[in-house]
Amino acid sequence: MSSPMPGAAVDTHAHVFHQGLALANTRRHTPDYDATLAEYLGLLDTHGLTHGVLVQPSFLGTDNSHLLEALRVAPARLRGVAVVAQDAAEYELQALADAGVVGIRLNLVGLDTPDLRTPAWQTLLARVNALGWHVEVHLQAARLDGVVPALLAAGCRIVVDHFGRPDPALGVLDAGFQYLLRQADSGRIWVKLAAPYRNWAAPACAASGRLATQQLLDAYTPERLMWRSDWPHTEHRHLASYSAAVEWLDAWIDDPAQRRAVLADTPLQLFQFQGDAP
């Protein structure tokens, strides 16, 4: 991947962790390997990426301490997305913000959809908004309409993960994916182009990802789309690598101006990086 403009290209989603960290009681994945910050920064360097966004892995629950340690190593180069308890206090969120966190993640795959209109959720979302953060949602496309309206009503900025997770059997014909396309008019939703192996069989990652990307570009424009490596690809390490993630983006977007927006302009602003280079 060549940098779209001097000194600026952002990987908007990766995880760092090591064995021995306390794991959440409810989890879909238990890693038997390490994904270190040093290795991740090396991958950014190798592929010409100047900035990265570290997202709290779901299997670490709401203990963001390792994430914060990583952010403090390279504060100009990294931002974070945390997982927080519904009753997280204002001072707890401020401490996260001080360390470089700029959003929270709702990973609802395998979990019930929460009622985001309850007072407790409304309080948390108001605090998130006050900090200028976004809410990242990860769930199947068919469930988006159970979450997105409440977040929009609460005034949140929303980042939708993994192309919106369309049904592999339906692809862009998934009614949930079509629902996501129609939400572009809200002006407060961004979509991450990433991890096609979570949506399609490996041989279809380039072609199916390109089709979905083109429809998202038409609906959202490059100003609200971003790319992520999804490193270290957790349960899908046998299907992906950092180099493959870069090559998929090359297959999805040809236009240099669109690539510049997706890789630099949009994420630099959304994730509150100061300036173009660390």
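Yes/no matrix, rows are residues, columns are (1) of a type outside the set (D, E, K, R); (2) closer than 14 Å to Leu68 by Cβ:
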| site | (1), (2) |
| --- | --- |
| Arg79 | no, yes |
| Gly100 | yes, yes |
| Asp115 | no, no |
| Val128 | yes, no |
| Trp133 | yes, no |
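Residue pairs whose Cβ atoms lie under 8 Å apart, sitting 6 or more positions apart in sequence or on different chains, and linking a residue in the range 110-126 that is within 13 Å of Leu151 (Cβ to Cβ) to a partner that is in a helix (DSSP H, G or I) and not small (Gly, Ala, Ser), are Thr113/Arg143; Pro114/Trp121; Asp115/Trp121; Leu116/Gln122; Leu116/Leu125; Leu116/Leu151; Leu125/Leu151.
Go through the range 183-236 and report how many residues are touching a residue at least 60 places away in the same chain (Cβ under 8 Å), charged (D, E, K, R) and in a loop (DSSP other than H, G, I, E, B). So that I can check it myself, show each step before the final result.
Going through the range 183-236, the residues touching a residue at least 60 places away in the same chain (Cβ under 8 Å) turn out to be 190, 192-194, 226-232, 234-235.
From what's left, charged (D, E, K, R): 192, 228, 230, 235.
From what's left, in a loop (DSSP other than H, G, I, E, B): 228, 230.
Within the range 183-236, residues that are touching a residue at least 60 places away in the same chain (Cβ under 8 Å), charged (D, E, K, R) and in a loop (DSSP other than H, G, I, E, B) number 2.
On the basis of being free of Cβ contacts under 8 Å to residues at least 60 places away in the same chain, under 22 Å from Arg79 (Cβ atoms) and either among the hydrophobic types (A, V, I, L, M, F, W, C) or in contact with a Gly (Cβ under 8 Å, 6 or more places away or on another chain) (or both), does Ala150 make the cut? In short, no. Of all the residues in the range 129-147, those that are farther than 25 Å from Thr234 by Cβ and either in a helix (DSSP H, G or I) or without any contact (Cβ under 8 Å) to a residue 24 or more places away in the chain (or both) number 3.
Residue by residue, here is whether (1) under 30 Å from Cys205 (Cβ atoms); (2) surrounded by fewer than 18 Cβ atoms within 10 Å (Cβ to Cβ) holds:
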{"residue": "Glu90", "(1), (2)": "no, yes"}
{"residue": "Val101", "(1), (2)": "no, no"}
{"residue": "Thr118", "(1), (2)": "no, yes"}
{"residue": "Leu124", "(1), (2)": "no, no"}
{"residue": "His138", "(1), (2)": "yes, no"}
{"residue": "Ile158", "(1), (2)": "yes, no"}
{"residue": "His162", "(1), (2)": "yes, no"}
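Rule-based calculations on the coordinates, nothing more; no lab input. None of these values were measured; they are calculated from a predicted model. In this analysis, Cβ positions are derived from the backbone assuming ideal geometry, glycine residues included, and neighbour counts consider all displayed protein chains.
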